[in-house]
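First up is the structure itself, then whatever we jot down about it.
A short reminder: the numbers here are calculations on the coordinates, not readings from a lab. All of these numbers come straight from a predicted model, not from anything done at the bench. Note that each Cβ is placed from the backbone with ideal geometry, even for glycine, and that neighbours are counted across all protein chains shown.
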């Protein structure tokens, strides 16, 4: 039932040996997901549904969920939930993911942790670089201050010397050694 972009589902009791679109035993209700009014969206004949379930009818997974939302529990839905819980426990015991959603959530958490560690490492690197630059600037400032302090402490050179004086100081000529005269005995 329904048509393109206009879903509509009938809920029927059908013999399991009949084809999907084959003969139905009884119409039990319908489901119109596009209906705005919640009361008209799902219409069920609960008396007849309970009758067929008591006589051994096995609802599909989708119908089991719909019936469960309406407060009609089936033993098949309970068995399926128990099997699913057992399978989930076994998967967790082996360290595997049970559903695709769990796998995606774990990957996102791993990516987030990786991004956080990278961000922390980058921040630490930037902080170290900044500290290094500050230390370098501080050392340069101290060197400049020490240099200026030296300039102010050193006395000014004496008044200009004559060129002759500078020559003497720069190239002192060795004095001629005195020759000793031989001593007479």
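Quick check on my filter: what residues within segment 2-32 are surrounded by fewer than 10 Cβ atoms within 10 Å (Cβ to Cβ) and within 51 Å of the chain's Cα centre (by Cα)? Within segment 2-32, 3, 4, 5, 16, 19, 20, 21 qualify. For segment 33-49, how many residues are surrounded by 13 or more Cβ atoms within 10 Å (Cβ to Cβ) and not in a strand (DSSP E or B)? Result for segment 33-49: 6. Based on this model, can you work out whether residue 63 counts as in contact (Cβ under 8 Å) with a residue 24 or more places away in the chain and under 23 Å from residue 99 (Cβ atoms)? So residue 63 fits the description; yes. Taking segment 50-78 on its own, how many of its residues are surrounded by 11 or more Cβ atoms within 10 Å (Cβ to Cβ) and assigned to a helix (DSSP H, G or I)? So the answer is 14.
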